[in-house]
Amino acid sequence: MADPTPRPNLLIVDDDPTARQVAQAILSIDNYDFRQAVGGEAALDEIAKQEPDLVLLDVMMPGIDGFEVCHRIRSRPTRAYVPVMLLTALDSATDLARGLNAGADDFISKPAPRIELRARVRSLLRIRRQHLELVEQGSRLELWAKQREDLVRMVVHDLRSPVTAIQLGASTLLGPEHKIGPAVRRDLEMIREEARRVGRYLEEMLLLARQEEGKLSLSFETVDLTPITQETLASLRHVAGARGVRLKEVLPQAPAEVHGDPALLRRVVDNLVTNAIKFSPANGTVEVHIARHKDHAVLEVLDEGPGVPEQARSRIFEKYEIVKVREAGGPQTGLGLAFCRMVVEAHGGTVSCHGRKGPGSRFIVTLPAGAP
């Protein structure tokens with residue numbers, strides 16, 4: 001039965017035919033396949049035809065020397081790693097440094113000791129096998145990630161219509177032509193609000209997908225953060241009130257103008273404030289501060305919730321990241337915050353999470369006043 005594992009393919013490059021034959025004779029004990037090249041140009045041609053598992057390369061050759069061949073091997077547009085061992089009579093520190101700079105993995109003096117040559121070749125081949133395994137694993141992970149993203153997009157598209165129908169249905173039943181009691185009205189308002197939240201979540205997933213594909217387009221104009229924040233807080237007061245949370249705003253007298261997409265910036269404010277309300281305790285306060293500076297504007301959202309562990313404060317902005325907040329805060333999912341970071345960075349700004357002197361978290365968004 002044939003061995004399912006192919007034998008390593010070695011390319012021996014030397015203008016001296018005797019040196020090539022000697023090297024092959026030493027290494028043939030270890031069950032390799034061999035090819036030979038008489039010089040630098042021939043070596044590059046052989047590599048172009050079939051990538052070897054290892055190149056044994058003489059340094060001193062007419063025409064293209066071993067240093068240049070090594071450099072060209074490393075300059076190829078390929079993910080695969082091909083180890084190169086230089087066979088050389090040169091032993092100065094300058095020559096060794098030149099070989100390393102060209103991309104050589106190992107050196108051995110000519111004439112090469114038999115045991116040492118075989119051991120060094122086995123070591124480099126082991127490294128190549130490990131590299132190829134990592135490349136294969138990386139390719140599989142990329143494929144799985146793409147399949148997951150494709151599935152997410154399909155699910156999002158399929159869910160948008162029924163979620164919209166639920167929201168519109170609840171709004172219709174809340175209309176003045178329908179006589180409903182207070183309890184039913186509260187339930188319908190909750191259904192409408194939750195449908196709105198899910199719809200916004202689905203839309204953000206699509207926007208994140210477009211951004212990752214390089215297809216997200218922004219409509220830039222001069223935007224004052226103050227009215228956007230005031231309108232957002234007004235729309236969220238009933239949500240905060242239902243949870244016993246007070247909203248407080250600290251706004252500048254002068255406009256806090258930035259260059260940005262008003263719809264997306266509004267959603268950033270909405271996400272951060274909604275997140276703060278969600279993790280605030282009953283009778284807690286969520287504060288929203290806006291400050292205007294010469295070349296930038298700052299939005300801060302402060303809550304009195306359990307806070308985010310210091311080691312997790314950067315991870316919560318990663319897509320699909322789940323962070324366990326302190327005490328009874330429950331899991332913090334990072335899609336909404338990933339959306340915030342995507343939008344803010346697309347505007348040339350930054351968003352970060354910090355602790356407070358007391359309980360709670362402090363989210364800071366900095367946006368340039370001019371065009372990013």
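The values are calculated or read from the model by the stated rules, or taken from the named source; none is laboratory data. Quick caveat, the model's predicted, so the values are computed rather than measured. A quick note on method: Cβ atoms are made from the backbone with ideal geometry, for glycine too, and the neighbour counts reach across all protein chains shown.
Things to note:
- Once the range 325-335 is narrowed to residues that are more than 16 Å from the chain's Cα centre (by Cα) and closer than 27 Å to Gln211 by Cα, the residue that is modelled with the lowest pLDDT is Pro331.
- Matching residues, the range 39-68, being of a type in the set (Val, Ile, Thr) and in a helix (DSSP H, G or I): Ile47
- Residue within the range 140-150 that is among the aliphatic types (A, V, I, L, M), within 30 Å of Asp53 (Cβ to Cβ), at pLDDT 85 or above and in a helix (DSSP H, G or I) present: yes
- Within the range 195-203, the presence of at least one residue that is hydroxyl-bearing (Ser, Thr, Tyr) and surrounded by 12 or more Cβ atoms within 10 Å (Cβ to Cβ) is confirmed.
- Failed criterion for Arg129 (all others in (1) closer than 16 Å to Tyr32 by Cβ; (2) over 31 Å from the mean Cα position of the chain (by Cα); (3) not β-branched (Val, Ile, Thr) hold): (2)
- Residues that are touching a residue at least 60 places away in the same chain (Cβ under 8 Å) and farther than 20 Å from Asp33 by Cβ within the range 92-126 comprise Lys110, Pro111, listed in sequence order.
- Pairs meeting the criteria (first residue in the range 151-177 and exposed (fewer than 12 other Cβ atoms within 10 Å of the Cβ), second residue of a type in the set (Gly, Ala, Ser), beta carbons under 9 Å, at least 6 apart or on different chains) are Ala165/Ala195.
- Hits in the range 1-59 - residues which are more than 14 Å from Leu87 (Cβ to Cβ) and of a type in the set (Asp, Glu): Asp3, Asp30, Asp33, Glu41, Asp45, Glu46, Glu51, Asp53
- Matching residues, the range 298-307, being surrounded by 21 or more Cβ atoms within 10 Å (Cβ to Cβ) and within 27 Å of the chain's Cα centre (by Cα): Leu299, Val301, Gly307
- Of all residues in the range 197-231 being of a type in the set (Asp, Glu) and either in a helix (DSSP H, G or I) or touching a His at 6+ places or on another chain (Cβ under 7 Å) (or both), the one that is nearest to Val269 (Cα to Cα): Glu231
- Scanning the range 72-89 for residues that are farther than 20 Å from Pro8 by Cβ and crowded, with 17+ Cβ neighbours inside 10 Å yields one hit, Thr88.
- Within the range 69-94, the set of residues being part of a helix (DSSP H, G or I) and not small (Gly, Ala, Ser) comprises Val69, Cys70, His71, Arg72, Ile73, Arg74, Thr94.
- Taking each residue of the range 301-314 that is among the small types (Gly, Ala, Ser) and looking for partners that are surrounded by 17 or more Cβ atoms within 10 Å (Cβ to Cβ) and outside any loop (DSSP other than H, G, I, E, B) with beta-carbon atoms closer than 7 Å, six or more apart or interchain, yields Gly305/Ser361; Gly307/Ser361; Ala312/Val323.
- Whichever residue in the range 203-256 is among the hydroxyl-bearing types (Ser, Thr, Tyr) and modelled with pLDDT under 90 and, among such residues, is farthest from Ala346 (Cα to Cα): Ser235
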